[in-house]
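These notes are about the structure you will find just below.
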Amino acid sequence: MVSLHKKILIGMVIILAAALLLFFIFSKPAHPAAGLTLHPTQTISIAGTPLHIALATTDAEREQGLSGITSLAEDQGMLFVFPKDGIYSFWMKDMLFSIDMLWVSQDGRVVYIVPSSSPATYPHAFTPNTPARYVLEVPAGFATEHEIGVGSKLDFSL
């Protein structure tokens, strides 16, 4: 016959094994898999320059952002769309390359720019001084190369 101590020990081992199994099944990795590629779905224009973008419209898409993406082509970006104007902070968590970040008002005007933000800046968060409805992430140097500054116009109508 099995002693009470052995029954308790066996029960604890089973509970611990079940807890570990559930943890590994339901936990997401701390770092997304590298090697992902962006799949643009729309074309917009900023300061007259066409840009193929992927949209991030849900909380999950905005949280994922460009994390794990290996690189962007020079005419690609991601547009983060928020339901209302606000002060939205961005950081470089799990980023693999540098980007320009442009905060854009509801009427499509650039209100704040962080040029050439490096993954090494994480965990620093970049926060605009003006409310915005959108944030556009493009390859580092894009804003300078295309002479985009505060006040430049983003055109969604393409």
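The numbers here are math on the coordinates, done by the rules we state, and not lab data. These numbers come from a predicted model, not from an experiment. Here Cβ is always computed from backbone atoms with ideal geometry, including for glycine, and neighbour counts include all displayed protein chains.
Express the relative contact order of segment 40-158 as a whole percentage, based on alpha carbon pairs under 8 Å and six or more residues apart in sequence.
Relative contact order, segment 40-158: 31 percent.
Based on other C-beta atoms within 10 Å, arrange D107, D100, D94 from fewest to most. Spell out each step's value before the answer.
Working: D107 9, D100 22, D94 18.
With the fewest neighbours first, D107, D100, D94 line up as D107, D94, D100.
Arrange the following residues from fewest to most other Cβ atoms within 10 Å of their Cβ: F156, F142.
Ascending number of Cβ neighbours within 10 Å: F156, F142.
Would you mind estimating how fast segment 42-155 diffuses translationally, via Stokes-Einstein at 10 °C and 1.306 mPa s with the Kirkwood radius over Cα pairs, in µm²/s?
Roughly 115 µm²/s, to the nearest whole number.
Would you order W91, W103 from fewest to most other beta-carbon atoms within 10 Å of each residue's own beta-carbon?
Details: W91 17, W103 26.
Lowest count first: W91, W103.
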